[in-house]
1. Which is in the same structural domain as residue 229 (by TED's automatic domain parsing) and without any contact (Cβ under 8 Å) to a residue 12 or more places away in the chain, of 258, 316, 280?
2. If you take the residues of region 334-351 that are over 13 Å from residue 182 (Cβ atoms) and touching a helix residue (DSSP H, G or I) at 6+ places or on another chain (Cβ under 9 Å), which of them is surrounded by the fewest Cβ atoms within 10 Å (Cβ to Cβ)?
3. Return the residues of region 292-319 that are over 22 Å from residue 387 (Cα atoms) and in a helix (DSSP H, G or I); say none if nothing qualifies.
4. Do we find that residue 374 is out of contact with any helix residue (DSSP H, G or I) (no Cβ under 9 Å at 6 or more places or on another chain) and closer than 22 Å to residue 294 by Cβ in this structure?
5. In this structure, does residue 458 turn out to be modelled with pLDDT of 95 or more and touching a helix residue (DSSP H, G or I) at 6+ places or on another chain (Cβ under 8 Å)?
6. Quick one: residue 264 ticks every box in (1) under 16 Å from residue 207 (Cβ atoms); (2) surrounded by fewer than 14 Cβ atoms within 10 Å (Cβ to Cβ); (3) in contact with a strand residue (DSSP E or B) (Cβ under 6 Å, 6 or more places away or on another chain) bar one, so which box is it?
7. Please specify each residue of region 390-400 satisfying the condition of being under 16 Å from residue 184 (Cβ atoms) and modelled with pLDDT under 95.
8. Considering only residues that are outside any helix (DSSP H, G or I) and touching a helix residue (DSSP H, G or I) at 6+ places or on another chain (Cβ under 8 Å), look in region 78-109 and name the one that is nearest to residue 38 (Cα to Cα).
């Protein structure tokens with residue numbers, strides 16, 4: 001559900017759950033800590049507010065007093081949802097809470113290098129942090145479920161509802177459908193087998209040097225193609241095995257400290273691994289990453305094949321779809337006559353920012369029906385993709401335009417439903433502000449709140 005106010009409240013809650021232990025923040029008038037807002041039977045302390053401020057600043061999301069006021073308003077709104085969720089006896093999905101808690105603990109362990117450093121940074125033992133964060137995540141989950149309950153009460157929209165939405169929105173406020181492309185491609189890969197053999201031979205030579213006494217860290221600095229770890233001698237730091245490719249973590253977990261692995265292949269390339277330390281499902285390791293490298297000859301051969309195909313296509317000797325089925329080496333598109341599709345949505349239409357930069361650069365000046373020159377791009381494998389040579393045909397271009405009832409009904413229906421959901425949530429907050437016992441400290445009397453109702457709650 002794409003609702004702005006829900007997103008903002010969720011972000012604020014998530015940041016609170018992940019924030020550092022409260023450190024007393026001194027306000028200009030000398031106040032160390034105090035209650036700044038009471039919402040029903042829930043209190044918000046200066047220390048809690050400052051935790052949010054600290055995290056927002058760390059994320060580059062605020063820099064002034066106005067931002068602090070906004071955060072307080074978000075926290076108070078979140079309390080309203082939490083109170084209603086408890087009144088309605090909404091149950092929390094325990095598995096979801098434990099999964100989120102586990103992910104957050106693992107992230108901290110990875111960032112700080114293990115439990116001991118996490119405990120030192122937060123000034124609390126892990127078990128205490130788990131307890132506090134579990135409660136915070138439960139509250140966050142309840143708030144989000146309450147928001148969803150309100151939003152889900154909106155009935156399914158009819159064409160009449162969409163028409164009423166269109167009538168109520170100024171033309172300049174209508175959703176804009178961006179330029180969309182429908183594309184087909186023919187892909188030729190370089191000689192991967194030869195490149196893989198070459199990189200394995202290089203790694204075997206490096207492994208032999210390590211076994212004969214050279215330092216793993218020194219060779220990692222010289223040869224590893226992982227820039228993040230190479231400058232640290234290949235060291236990755238203590239981290240959960242879950243953040244690595246399975247082949248990498250399985251190999252690392254099976255090694256004894258000080259032993260160099262055989263060559264390990266992942267979508268990122270080929271690795272040598274040396275484990276430094278292991279604790280439970282975490283490990284600290286060094287690695288040397290090498291990626292297959294292709295020659296100018298590979299590129300020339302790929303371009304020559306594609307040039308020849310483009311000539312045949314121009315002469316009408318073969319259709320693009322048929323050429324893709326016979327010659328393309330991309331398994332995801334060749335069976336569809338080369339037609340590209342978003343792997344996440346299955347849609348055959350792409351916005352500009354959904355295309356790889358290399359792909360867009362090749363087709364941005366083309367018209368419908370035209371075919372690009374051969375160019376080098378990347379596929380969707382690994383974190384950075386593998387080299388591929390391709391030509392792309394522009395099948396269709398849908399120009400940018402304000403959404404219309406005739407051609408963009410689904411988009412308008414989504415926009416209309418989101419507006420109705422936002423309105424419902426907004427009405428809920430306004431209603432609860434009026435009916436709930438709320439007191440706001442006069443420290444915040446100069447705040448510019450989004451909702452007028454808060455001003456009546458400021459203690460005189």
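1. 280
2. In this case the residue turns out to be 335.
3. Of the residues in region 292-319, the ones over 22 Å from residue 387 (Cα atoms) are 311-319.
Selection gives 311, 312, 313, 314.
4. Values: out of contact with any helix residue (DSSP H, G or I) (no Cβ under 9 Å at 6 or more places or on another chain): no; closer than 22 Å to residue 294 by Cβ: yes.
Criteria not met by residue 374.
5. Numbers: modelled with pLDDT of 95 or more: no; touching a helix residue (DSSP H, G or I) at 6+ places or on another chain (Cβ under 8 Å): yes.
Here the answer is no, as residue 458 does not meet what is asked.
6. (2)
7. Answer for region 390-400, where residues must be under 16 Å from residue 184 (Cβ atoms) and modelled with pLDDT under 95: just 398.
8. First, the residues of region 78-109 that are outside any helix (DSSP H, G or I): 88-93.
When the remaining residues are screened for being touching a helix residue (DSSP H, G or I) at 6+ places or on another chain (Cβ under 8 Å), the result is 88, 90, 92-93.
On the way: 88: 21, 90: 22, 92: 24, 93: 28 Å.
Per the criteria, the residue is 88.
The values are calculated or read from the model by the stated rules, or taken from the named source; none is laboratory data. All of these numbers come straight from a predicted model, not from anything done at the bench. Note that each Cβ is placed from the backbone with ideal geometry, even for glycine, and that neighbours are counted across all protein chains shown.
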